[in-house]
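Asks: Take this structure, written in structure tokens, and hold onto it; I'll ask about it next.
The values are calculated or read from the model by the stated rules, or taken from the named source; none is laboratory data. Note that the coordinates shown come from a computational prediction; the quantities given were computed from them, not determined experimentally. Cβ coordinates were reconstructed from backbone atoms using ideal geometry, including for glycine residues, and neighbour counts include every protein chain displayed. To get the accessible areas, we keep the full protein, side chains included, count just its heavy atoms, and leave off ligands, DNA and RNA. Shrake-Rupley method; radii C 1.70, N 1.55, O 1.52, S 1.80 Å.
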Amino acid sequence: MANIIWVDEAGSTNSLLADMARQGIAYDGDAVAAFAQSAGRGQRGNSWESEPGANLTFSILFSGRGYDVSRNFMVSEAVALAVAQIVDAELGGCGGKVCVKWPNDIYVGDRKVCGILIENVLSGRTVERCIAGIGLNINQKRFLSDAPNPVSLFQIDGKVRDVRRILSSLVDRILHNMGVAEKLHGEYMKRLWRSGDFYPYDDNVNGERILARIADVLPEGHLVLELNSGERREYAFKEVSAVIF
């Protein structure tokens, strides 16, 4: 059974768990969850809005697994798919398709229900420690930040849920997925938001808006887009962004 440590408040569960790992009091597979998080971090340096007690803000530790940094995106795939699978089970098809927006945001339809931040400590090219921080909107009724499209499970179907129950199921699913992480790429590709069709993207490298579709996601996590002209372009994180209507 997973070891889940609850705290009343944390600045960032990622930072707290990293401190615990450095002190030798947190181990591979351990998770730390906070009822309130005052300095939660999202991708691109953004903050994460979460009403205390209403949602899940937690981090899970992977250490001593000894894989090369070039394979680290499989962690992102395993964690993102675990969240998508649990959200799918909770909603039962209500609210739209549950998808992964590259690299690892979780969307229901065109609305973001979960953000994931993965941080690594390297020893040469080996990942010595990896921490995945997850913010999942569960019971929040209203969002006050200027984030463009947040949504909670409650806003989708009106049900109040037990956050402890969902956390237990989610941590178990993450650990299961990590055990088969190298086999999940195909499922990850099937779950990708806006896959299959052409959509507008902002190419931040070339400073232009393009019309493209997802062609692939490479082992290191780079996104390959195929333009409507047939040209293919490869992007690292932050080099391209989907246009949200």
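Asks: Efficiency by 1/(1 + (r/R0)^6): what FRET value for VAL224 and GLU51, r their Cβ-Cβ distance, R0 = 51 Å, to the nearest 0.05?
Replies: With a Förster radius of 51 Å, E is 0.85.
Asks: Where only protein heavy atoms count, and the probe is 1.4 Å, what is the accessible area per residue for the chain in Å²?
Replies: 46 Å²
Asks: Also: Could you tell me what a quarter of the Cα convex hull surface of the chain works out to, in nm² with one decimal place?
Replies: For the chain, averaging the hull's shadow over all directions gives 13.1 nm².
Asks: Quick one: net charge of ARG71's neighbours, Cβ under 12 Å, K/R +1, D/E -1?
Replies: After counting each charged neighbour, the total is -2.
Asks: What aspartates and glutamates does LYS101 reach when the alpha-carbon gap must be under 18 Å and sequence neighbours fewer than 8 apart in one chain are set aside?
Replies: GLU77, ASP88, ASP110, GLU187, ASP197, ASP202, ASP203, ASP216, GLU220, GLU226, GLU234, GLU239
Asks: Here is a further query. Could you tell me which helices of the chain pass both thresholds, a Cα extent of 20 Å or more along their own axis and a mean Kyte-Doolittle hydropathy of at least 1.0, with helices taken as whole DSSP H runs?
Replies: In the chain, the long hydrophobic H runs are 73-91.
Asks: For the pair VAL121 and ALA236, what calculated FRET efficiency results from E = 1/(1 + (r/R0)^6), where r is the Cβ-Cβ distance and R0 = 22 Å, to the nearest 0.05?
Replies: Result of the calculation: an efficiency of 0.65.
Asks: Express in nm, to one decimal, how much length is gained between PHE245 and PHE143 on full extension, taking 0.36 nm for each residue of separation and deducting their alpha carbon distance. Write out the running numbers ahead of the final one.
Replies: Numbers: separation 102, 0.36 × 102 = 36.72 nm, distance 1.87 nm.
Roughly 34.9 nm would be gained on extension.
Asks: Can you send over the carbon and sulfur percentage of the accessible area for the chain, probe radius 1.4 Å, protein chains only?
Replies: On the way: 5400 of 11260 Å².
On the chain, the fraction of accessible area on carbon and sulfur atoms equals 48 percent.
Asks: Calculate the spin-label point distance for VAL160 paired with VAL69, positioning each point 7 Å from the Cα along the beta-carbon direction, and give it in nanometres.
Replies: 4.7 nm
Asks: Could you list log10 I(q)/I(0) for region 105-163 at q = 0.14, 0.15, 0.29 Å⁻¹, which the Debye formula gives when each Cα is one point scatterer?
Replies: -0.51, -0.55, -1.21
Asks: Tell me what the chain gives for mean residue ellipticity at 222 nm when only DSSP H runs of n ≥ 4 count, each as -39,500 (n - 2.57), the sum divided by the residue total, rounded to 500 deg cm²/dmol.
Replies: The per-residue figure over the chain is -7500 deg cm²/dmol.
Asks: Starting from the Cα of SER38, step 7 Å toward the Cβ, then list every residue of region 6-32 with an amide N under 17 Å from that point.
Replies: 7-17
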